[in-house]
Structures are given as C-alpha cells and as structure tokens.
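See below for the structure under consideration.
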Amino acid sequence: MASSSKLSHAASVSNTGVPAALPADALFEVLLRLPAKDLCRLRAVCRSWRALTYDLHFAAEHKSRHAEPLFAVTFRDGDARGVAIVSLSGQVLRRIRFGSDRIELLLTHLDRLFVFRWCKPSLSAWVLNPATAAPLTLPGLHSDEFVGTCIEQRFDFGPYVMHNCKTVTYAFGQVVSTGDYKVLRISHPHPDNLQPQLCDVITLDGSSQGRWRRKQNPPGPMSEIMEYLAVNGVVYFLDYGLMEMEPTSIAPFDLDTEKWMPTLRGPEPLRSVEFGAIFGRELSLANLNASLVIIDNDFFAFNLDLWFLVDHRRGLWVKMYRLSVEQLFCHHPYPLLILDDGRIVFSNMGKRLLQCYDPSTGNLADVLDIGAMGLAESRSIGVYTGSLLI
C-alpha cells in the first residue's frame, strides 16, 4: 500500500508541484508500455517521472510486461570495446564501453555479468550491473602466493589465468536464499608442482572491500579447461577427462554454505561411455530455465541429447530432448534457454548467430544475426535476466 501511494504521488505531481495532465494510474500504464531504453531517456523529463521509473514495484511490473529474452554480448566500435544488451528480436538496448582492451563474458543467467579483460599484463575482472553500467572490480584478485607476471588465457569453458606456472579458474553465481553474489576461485598448481589445488570464495557487498576466504580444497584434481556452470546457487564442475571419478561425475560447490557437496553421478546410461574428442562424443553443461542440463553430443551418431537434473538429492536425470546435429547445422550447438512456446534458443557463436529450434517440427530458424549487427567480437555470451531500469 505504501509503495502504491508513493507511485501515485510521483505520477500525479510534477517537479514544479503542478498536478500532471494524466491521472496517476493512467500515467503508470502508459509508461509501462514503453521499452526500457525509452524510459531511461524519459527520466530527464521531470523528477516525478524519474522517481517512478526507479521505483522497485514499477521496475518489477515493467519486467513482467516485457518478458522478451535478453542477451549480453561483446562488441567493438573502432578502438572502443564493451558489452551490449540485445533482445531476441534484434534491438540493441544498451551499450557499455570499457576502453580499448578486448573483453570476454563468463556464461551466466543472472541480472549481473562477469566481465574480464583478454591478454592483459595483470588480470582485470569485474562484475557489471547493466542497468547502472556500474562495474565492481574484484579486490585482491590474487592471494600472496601468486607473484610475477600474469598472462591471461581464454577457452570456451570460461576464464582462467596463467600465473607463474599456475592457473586460476573463476565461477560466478548468486545464493538463492539471500541474493548474495559470490565468486569462486580455484587455483591450479603446475603439474610438476606437488601443491594441492586451492579454493577461495568472495562475497560481493557492493564495494571493493571484500576479502577472499580460503575454503576446503576440491574433492579431486580438476583441469584448467573443465566444464563448469552455476545454477541456483550451486557451481557444478564436470571434468570427465582428468577428475579421478567416473566420466559423468560432477563435483558441486554450494555457494550458500561455501562447502563442497557429495559427488553427483551423471545419467546411468552414460556412466560407462567413453567421452572425448578421440571418441567422437563430448559432454558439456547448460542452464536451461534454472535446471542443470548435461549435453551429450554424439558426433558419429549426429545426436544431441539433453539430460535434465530433476532431483539433486536422488541424483535423478531425465532425457527430455534428442536433437539431430545435422538439423542444427552446427558441430557444437549450445542451448541457452527454452522459450514459453517450447522452442529452444541455441547459440552458434562460430557464425555469430542465435537460432531457434522447434522440437515438435524439427525446424531450425535463424532469429538473430549478432555478427551482422556489429556485435559479438568474441564467442562469449550471457543470458541477462535483469531489468535495465534498476
């Protein structure tokens, strides 16, 4: 009730104290119909409109009315590089510039983005709120045991950093119960070094004053280019090549308790299968509508199976989709999300395309040519779930 009263006052009184021409409810409805990009410009009209469009209730209602999926991609404009928020229909809603250095994105499904620079003498990474364009730089990115020159590397699986023959992997997620954003860091020693892998966590409190906290070491040796993904406040690590577990086993880390959880076994039909490029069959992880998914890509059979984790405690997986790789026209198709009508949005970042696949008909359609828009300098992409108003 208090929020509604506040909105009514903001909508009905201008910055001069003169009643507005439109009733409060009518103005509220009119502004709700406008896209976020236009509303951000209209904030300059008067104080009351600015207050209204910054109100949490208005922003939440606007987000529910404008539910089209949004994506974060990188771009290059002359010497300037940055991050763009683009809708599935092809509207560029916001461009945020960072300078001349090439940047990358960690794959996330959040209202914040994890951004890092490519090939810098010293690593620079930050968490970005696209609504405010305010970056939060990670403090004390390396602990004291890392000294010397740092050379950053990037693979499709995420960012890791070489540092005096050591590498570091970063994962970013949000705790469901509290809404806290946390970054998990795993330090990999050189293979010739007998030191164990180390695990640290930092909570982002809106400032650069946080500190890394040492946590229990990973349950087994992990490689620098392992598959990992944060879903519902848990970071899942899949490393079927090097971890001392069965090929489909997953090591989960709970960002809430900041502890490693019991090993999660993969789907039973896959546990005895040999995976890897030499076997023509690879596994990867995806987040589809807040569910952890194992992607079983069989290059020889031209099949792509999507296994959904439906019960973490019981380790129950269900294969909900079998797709034809030939139909997808892509050697490494990656599913980003499932639309309300059942179509699956795939990223084909080799061609800088977003495509929609309809499982009921087998039809595939190009829906967004990111490359033609002058975006997607790199192959990294994120799903942006926030509102550009706050």
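The values are calculated or read from the model by the stated rules, or taken from the named source; none is laboratory data. Since this is a predicted model, take the numbers as computed values, not measurements. Virtual Cβ from ideal backbone geometry, glycine too; neighbours counted across all protein chains shown. Protein only, heavy atoms only, side chains kept; ligands, DNA and RNA dropped before computing areas. Shrake-Rupley method; radii C 1.70, N 1.55, O 1.52, S 1.80 Å.
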Next on the checklist: Here is a check on your reading of the model: is residue 25 more than 34 Å from the chain's Cα centre (by Cα), of a type in the set (Asp, Glu) and at pLDDT below 90?
Outcome noted: yes
Checklist entry - How do the pairs read when you match residues in region 192-206 that are within 30 Å of residue 134 (Cα to Cα) and open to solvent by less than 70 Å² (accessible area, probe 1.4 Å) with residues anywhere that are at pLDDT below 80 and in a loop (DSSP other than H, G, I, E, B), using Cβ under 6 Å and keeping only pairs 6 or more apart or on different chains? => result 202/210; 203/210
Next on the checklist: Return the residues of region 295-316 that are of a type in the set (A, V, I, L, M, F, W, C) and over 20 Å from residue 342 (Cβ atoms); say none if nothing qualifies.
Outcome noted: 299, 300, 301, 302, 316
Next on the checklist: Restricting to region 32-75, and then to whatever is touching a helix residue (DSSP H, G or I) at 6+ places or on another chain (Cβ under 9 Å) and of a type in the set (Phe, Trp, Tyr), can you tell me which residue is surrounded by the fewest Cβ atoms within 10 Å (Cβ to Cβ)?
Outcome noted: 49
Checklist entry - Can you tell which of 288, 309, 292, 354 is modelled with pLDDT under 95 and either among the charged types (D, E, K, R) or crowded, with 17+ Cβ neighbours inside 10 Å (or both)? => result 354
Item to check | Residues of region 167-188 that turn out to be over 16 Å from the mean Cα position of the chain (by Cα) and open to solvent by 30 Å² or more (accessible area, probe 1.4 Å), as a count | outcome: 2
Checklist entry - From 275, 299, 253, which residue is touching a strand residue (DSSP E or B) at 6+ places or on another chain (Cβ under 9 Å), surrounded by 16 or more Cβ atoms within 10 Å (Cβ to Cβ), aromatic (Phe, Trp, Tyr) and closer than 27 Å to residue 383 by Cα? => result 253
Next on the checklist: Conditions first: (1) of a type in the set (Gly, Ala, Ser); (2) surrounded by fewer than 19 Cβ atoms within 10 Å (Cβ to Cβ); (3) part of a strand (DSSP E or B); (4) under 16 Å from the mean Cα position of the chain (by Cα). Residue 386 passes all but one, so which condition is the exception?
Outcome noted: (3)
Checklist entry - Can you pull out the residues in region 76-117 that are at pLDDT below 90, of a type in the set (A, V, I, L, M, F, W, C) and either buried (at least 18 other Cβ atoms within 10 Å of the Cβ) or within 15 Å of residue 383 (Cα to Cα) (or both)? => result 98, 103, 116
Item to check | Selection within region 45-75 - under 13 Å from residue 95 (Cβ atoms) and either of a type outside the set (Val, Ile, Thr) or modelled with pLDDT under 90 (or both) | outcome: 72, 75
Checklist entry - Can you name every residue in region 365-383 that is in a strand (DSSP E or B) and crowded, with 21+ Cβ neighbours inside 10 Å? => result 368, 375, 381, 382
Item to check | Criterion violated by residue 337 - all others in (1) modelled with pLDDT of 90 or more; (2) part of a loop (DSSP other than H, G, I, E, B) satisfied | outcome: (2)
